[in-house]
1. For region 73-79, just list the computed ³J(HN,Hα) in residue order, Karplus coefficients 6.51, -1.76 and 1.60, θ = phi - 60°, integers in Hz, with x standing in for Gly and Pro.
2. What are the radius of gyration and Dmax of region 163-202, computed over its Cα atoms and given in Å?
3. ALA5 versus ALA35, label points 7 Å from Cα toward the beta carbon: distance in nm?
4. From zero up to wherever the largest Cα-Cα distance of the chain sits, split into 10 Å bins and tell me the percent of pairs in each.
5. Calculate, for ARG134 and THR66, the FRET efficiency according to 1/(1 + (r/R0)^6) with r their C-beta to C-beta distance and R0 30 Å; round to the nearest 0.05.
6. So in the chain, which Cys have no other cysteine's beta-carbon sitting under 4.7 angstrom from theirs?
7. Suppose each label sits 7 Å from its Cα in the direction of the beta carbon; what would the ASN86-THR186 distance come out to in nanometres?
8. Write down, largest first, the equivalent ellipsoid semi-axes of region 13-156 in whole Å, where each equals the square root of 5 times an eigenvalue of the alpha-carbon gyration tensor.
Amino acid sequence: MPLLARTVTAPLAVEVHAGAVRHLGELLADRRISAGGEVAVVVGPGIGKEAAEQARESLARAEVLTIDAGTHGGALELATKLRSRNFDAVVGIGGGRVIDTVKYAAFRQGLPMVSVATSLANDGIASPTASLDRDGHSISYGAQIPIAVIVDLDFVRRAPARQLSSGVGDALSNLCATADWQLSHTETGEPIDGLAIAMSRGGAESVLRHPGSVGDDTFLATLANALVLGGTAMAVAGTSLPASGACHEIAHAIQERHPTVATHGEQVGMGALFATYLRGDEQLFREMAHAMKRHHLPRIPSDMGLTVDQFAVAVAYAPKTRPGRYTILEHLSLDVSDLRDRITEFCDELS
Ligand SMILES: [Zn+2]
């Protein structure tokens with residue numbers, strides 16, 4: 001009999017609800033990730049400590065470790081600490097920087113990683129990649145997808161609104177990433193994966209059309225699901241293409257030149273909106289612009305303190321941040337002067 005389906009790498013468990021952290025021990029036992037609770041629980045500063053205390057209620061044998069999150073060096077230091085005992089798994093509790101650091105350290109040690117998100121700033125909560133600082137640059141490292149993804153809405157709803165709207169920007173950017181992937185397929189013959197596109201695009205469209213805000217739980221759950229789908233789509237496809245296109249090239253270029261102006265989600269959101277404008281997809285452009293306004297996301301360069309010129313220079317440089325990738329930017333191959341004109345029209349359109 002022919003093999004009619006494929007096997008995909010995906011988390012064993014995905015739980016998005018209030019109170020998830022208190023029952024972490026039961027979840028790890030039920031899913032046979034850790035029968036006796038021999039796990040390392042890793043937290044960063046801030047809300048992670050409170051979450052670790054709640055996790056301890058069902059994980060008495062856990063060892064709690066605190067880390068300096070977000071750097072490659074910090075991840076290697078953590079990997080060394082994880083050698084001190086025979087852990088069944090590593091649980092990372094916190095925001096994106098903690099999750100990425102723990103994900104990479106666990107990958108280096110060959111241990112399963114449980115991702116417990118206390119914020120929803122980007123799709124790293126369920127992706128097979130980790131963004132870490134090394135020698136002043138943010139580098140994206142390959143890692144294993146988390147074995148379980150827990151989003152506890154009791155914590156997430158207390159996260160700063162700007163972090164949550166950044167997550168909206170990262171989720172919406174998948175509409176741009178998948179359009180770029182389809183363009184690359186048509187123009188260069190790049191292999192495409194319809195399942196990964198369905199996951200990534202489906203999640204992003206739910207966020208796009210949800211009438212709620214980061215202040216309500218049904219919207220936060222929709223956002224969490226979209227970020228999980230975007231992250232998992234990368235593992236399904238074996239590439240970051242379902243969640244990274246011109247939007248992310250533009251964000252990397254802004255990040256390199258103007259590292260403090262905006263969060264990752266804000267940069268990719270504006271990058272996605274501009275790329276959608278360049279693509280001439282008017283309906284999606286209107287819908288994205290409307291959603292971004294509702295979620296208080298920057299839409300034009302001045303919203304994040306950049307001039308038209310600075311943005312034009314960044315967008316012209318953007319394709320160099322991901323050589324070999326084909327997006328609407330490589331397709332149109334606009335120079336700084338063309339870009340200046342298109343950006344001015346784009347800003348007029350939105351004002
Ligand atoms: Zn992203």
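1. x, x, 5, 5, 4, 5, 4
2. 11.7, 37
3. That separation, rounded to one decimal, is 2.8 nm.
4. Cα pair-distance distribution for the chain, in percent: 6, 26, 33, 23, 10, 2, 0.
5. Efficiency at R0 = 30 Å is approximately 0.90.
6. So, CYS347.
7. A separation of 5.7 nm, rounded to one decimal place.
8. Working through the eigenvalues yields semi-axes of 21, 16, 13 Å.
FYI, it's all coordinate maths here, none of it is from the lab. Here the structure is a predicted model, which means the values were calculated and not measured. Neighbour counts are summed over all protein chains in view; Cβ atoms, including those assigned to glycine, are modelled from backbone coordinates with ideal geometry.
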